[in-house]
Amino acid sequence: MPSLVHTPLSRRHALGLGAASMLGTGTLARAADAEQRRFLFVHCIGGWDPFMVFAPLFGESRIELEAAAAPAQVGDLAFIDHPDRPAVTDFFSRWADHTSLVLGVESPSVNHTTCTRLMLTGDGASGTDDWGAILAA
């Protein structure tokens, strides 16, 4: 009787399974049509710049937000609205139903370069394609 081998599910394997599951339906071919779909990936590094839009922590005593900042929500996306950044609200008003945000990723290191590589590729070694490149292939 054959034995089952259990291996951890990596992001790369999960993406491959998802793509393979779409082969029979023609969804993969439609998704690859450059005229129909686009994928915009924005990676915000640092502490304060992303914080000024993506951390609506109003009412937190240890957080001092900008004076004119106001909580905003479009669909399920909560963010900080500010008169100096009208493009943020305009973007979410137009694209919220096509947007997914990942806010905060913990990785087991203090080395920013290695952590970023690990987060984007699932591997700490250099030379590995990131998931954006895999999706575009």
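The values are calculated or read from the model by the stated rules, or taken from the named source; none is laboratory data. This structure is a prediction, so every number in the text was calculated from the model and none was measured. With ideal geometry, Cβ positions are generated from the backbone for all residues, glycine too; neighbour counts draw on all protein chains shown.
Just name the residue that is nearest to Phe41 (Cα to Cα) out of those in the stretch 113-130 that are out of contact with any Asp or Glu (no Cβ under 6 Å at 6 or more places or on another chain) and of a type in the set (A, V, I, L, M).
Per the criteria, the residue is Met119.
Please tell me if Val88 is β-branched (Val, Ile, Thr) and either modelled with pLDDT of 90 or more or surrounded by 12 or more Cβ atoms within 10 Å (Cβ to Cβ) (or both).
yes
When you look at Glu60, is it at pLDDT 70 or above, more than 26 Å from Asp129 (Cβ to Cβ) and either part of a loop (DSSP other than H, G, I, E, B) or touching a helix residue (DSSP H, G or I) at 6+ places or on another chain (Cβ under 9 Å) (or both), yes or no?
yes
Given Asp81, Asp76, which one is modelled with pLDDT of 90 or more, assigned by TED's automatic domain parsing to the domain that holds His43 and not hydrophobic (A, V, I, L, M, F, W, C)?
Only one candidate passes the filter, namely Asp81.
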